[in-house]
1. Among the residues in the range 141-163, are any among the β-branched types (Val, Ile, Thr), touching a Pro at 6+ places or on another chain (Cβ under 7 Å), within 22 Å of Trp223 (Cβ to Cβ) and surrounded by 16 or more Cβ atoms within 10 Å (Cβ to Cβ)?
2. Residues to consider are Leu221, Leu233, Leu243; find the one that is under 25 Å from Tyr203 (Cβ atoms) and without any contact (Cβ under 8 Å) to a residue 60 or more places away in the chain.
3. Could you tell me which numbered condition Pro115 fails, if it satisfies all but one of (1) modelled with pLDDT under 90; (2) crowded, with 21+ Cβ neighbours inside 10 Å; (3) of a type outside the set (Val, Ile, Thr)?
4. What pairs can you find where one residue is in the range 79-106 and closer than 14 Å to Ala202 by Cβ, the other is among the polar types (S, T, N, Q), and their Cβ atoms are less than 8 Å apart, with a gap of 6+ or different chains?
Amino acid sequence: MRPTVITPPGRFALPHWHELWEAREVALRFGQRDVVLRYRQTAIGVIWVLIQPLAAAGIFSIIFGGVAGLPTGGIPYFLFTFISMLAWTLFSSIVSRSAPSLVANQALVSKVFFPRMLVPISTVMAALLDFVVGLGLGIVLLIVFGVNPGWGVLLMPIWVLLFVLLGLGIGLAASAWMVRYRDVAYVLPWIIQIALFATPVAYSLEAVPAGLEPLFLANPLSWLMELWRFSMLGTAMPPTWQLIGAVVVSLGVFLAGSIVFQRNERSFADLI
């Protein structure tokens, strides 16, 4: 039998992906627990998943559509904002749930050995479940409003994957930093709230003044949101550079977040 040599990770070492895959049952159990705990002893259960995007779509429709009169390319404003909120909620849920996951499970992290990265990764399951439920209602709304997204809907799973990778990359780094600095728990919701309005979620890029458009185009979430609406609402296909940039940035942020997590993992048990 060949001996197993354990060496400390390098400065920019990536996780051992095979170890994560072999311990995938742990992530599955964490994810199942999160789903059960979230809806336990709730009167309306999974319906809460629909209330958030519905309420946000209604408010944004009144403010941006009714009061400000911002354009949506002929798409009903309520449908426009609801579909956009589905993607945004998926991204923000992954970030906001994965960031505090290590601190919330500090007893297990400090006493039981397993790949710690599985804790924030497991939060994706609950976020995806919420997304699928909301997507079902979104499809019903598309039929009701008579909007045909066209062939672009076939690319929708790719954009979902990119949203997940981007959100999880940020969440991995934030979860590692939160073990050392609890300030992250106060700063992160504020950043997410600002990012919601700095990203064309409740409005299209057409509504952005020409002088501010470069700032919005520098936001990778803007690229992903435009690609998402292309697939779900049949809007114009974004430029090729946005497609390439969305893929590169999402993968890059995920890998960077993994490296940050890996570099800090050895100190979790001592600091948490």
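1. Checked the range 141-163: no residue is among the β-branched types (Val, Ile, Thr), touching a Pro at 6+ places or on another chain (Cβ under 7 Å), within 22 Å of Trp223 (Cβ to Cβ) and surrounded by 16 or more Cβ atoms within 10 Å (Cβ to Cβ).
2. Exactly one of Leu221, Leu233, Leu243 is under 25 Å from Tyr203 (Cβ atoms) and without any contact (Cβ under 8 Å) to a residue 60 or more places away in the chain, namely Leu243.
3. With respect to (1) modelled with pLDDT under 90; (2) crowded, with 21+ Cβ neighbours inside 10 Å; (3) of a type outside the set (Val, Ile, Thr), Pro115 is out only on (2).
4. Note: pairs meeting the criteria are Phe80/Thr72; Phe80/Ser204; Thr81/Ser61; Met85/Gln52; Trp88/Thr199; Thr89/Gln52.
The values are calculated or read from the model by the stated rules, or taken from the named source; none is laboratory data. No experiment lies behind these values; they were computed from the predicted model shown. All Cβ positions, even for glycine, are placed from backbone atoms using ideal geometry, and neighbour counts span all protein chains on display.
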